[in-house]
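Step one of this worksheet: look at the structure below.
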Amino acid sequence: MIDFTNKVALVTGGSRGIGAATVAAFCRTGAHVIVGYTTHTEAAREVAEGAGPDRCHPVRADLAEPGAAHRLWGDALAWRGRIDILVNNAGVYEPAPLDASDEQWYSVWQKTLQVNLTATADLCREAIRHWLGHGSGGAIVNVASRAAFRGDGPDHWAYAASKGGMISLTKTLARAYSARGIFTYGVAPGWVETDMAQASFAEDPASRERTAREIPIGTIAPASDIAHAICFLASGLATHATGQTLDLNGASYVR
């Protein structure tokens, strides 16, 4: 049984979707959780209130801003004085068509890499320095994507590249710090029932059915599937999986 009693976790992008499901899963197993969010203040508050009294602490940070990850870590650390688990879940999925203006193209690439990759690296750096400085171990779970391995659509080069970078980062940290009790894992979901997915399907209502048909299991993954995998990896029950990325895509891409 997974037991996170007395553990403190920081989950970025924690107000909705995979992040909110992960916060709930951690709290059900005894953890205290910092809910990192950017714009959805009311949703973050609802997630925290639903977890129970003094179980969650929302912290706002716009990870598209350089340096915001450092401020988020400091504010999160101040709540309980420690963080044992870091889940890098925050991400953006913005299109940059081939015929976009140069201004739009560079804007999407800059924001995507900043949020999905640079902010993730900044938080990993803060966490590892904290754990090394205190002589304690810790766990990092990076939420990547199936796109890291099979690529994405023609308008989402930046997204696929950023998620591929997360996978390489995960491997590098595992090789560098596992001997110090710091274990790093990845999860790579395919389509998941989130607001981000809903927005994509809204543009083309028939796309939901087409997407489901392309998944051998026949359904789009619930966010809870991803959350449960994150909790398992962070639990310490399989430390020799450090550096590995767990695929969660209904067999739509099998490596």
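At-a-glance table
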item	result
Sorted by Cβ neighbour density within 10 Å, fewest at the top, the residues T211, T5	T5, T211
Charge-dipole axis of the chain as Lys and Arg at +1 and Asp and Glu at -1 on Cβ define it, positive-most pick from I2, L77, M166	I2
Amide H within-cut-off set for A31, under 5 Å, with H built and near neighbours excluded	F4
Taking the chain and dividing mean pair separation by its residue count, relative contact order in percent (alpha carbons under 8 Å, at least six apart)	19
Dipole of the stretch 85-158, positive end: most advanced residue of I128, L113, P95 [Cβ charges, Cα centre]	I128
Sorted by Cβ neighbour density within 10 Å, fewest at the top, the residues M196, M166	M196, M166
Theoretical ellipticity at 222 nm over the chain - DSSP helices of four or more residues, -39500 (n - 2.57) apiece, nearest 500	-14000 deg cm²/dmol
Pair D102, R71: separation of 7 Å Cα→Cβ label points (nm)	3.1
Dipole in debye (nearest 20) - the chain, about Cα centre, beta carbon charges: Lys, Arg +1; Asp, Glu -1	1060
S136 paired with D155, simple spin-label distance in nm, labels 7 Å along Cα-to-beta-carbon	4.5
Residues Y253, Y159, Y106, Y177 arranged by fewest to most Cβ contacts within 10 Å	Y106, Y253, Y177, Y159
Dipole magnitude of the stretch 1-147, debye to nearest 20 (Cβ charges: Lys/Arg +1, Asp/Glu -1, about Cα centre)	580
Point-to-point label distance, R208-A179, nm (Cα→Cβ direction, 7 Å offset)	5.2
Full-extension gain in nm, T39 to T5, via 0.36 nm per residue minus C-alpha separation	9.3 nm
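Bear in mind that the values in this text are calculations on the coordinates, not laboratory data. For clarity, every value in this text was computed on a predicted model and none was experimentally measured. Neighbour counts run over all protein chains shown; Cβ positions are idealised from the backbone, glycine included.
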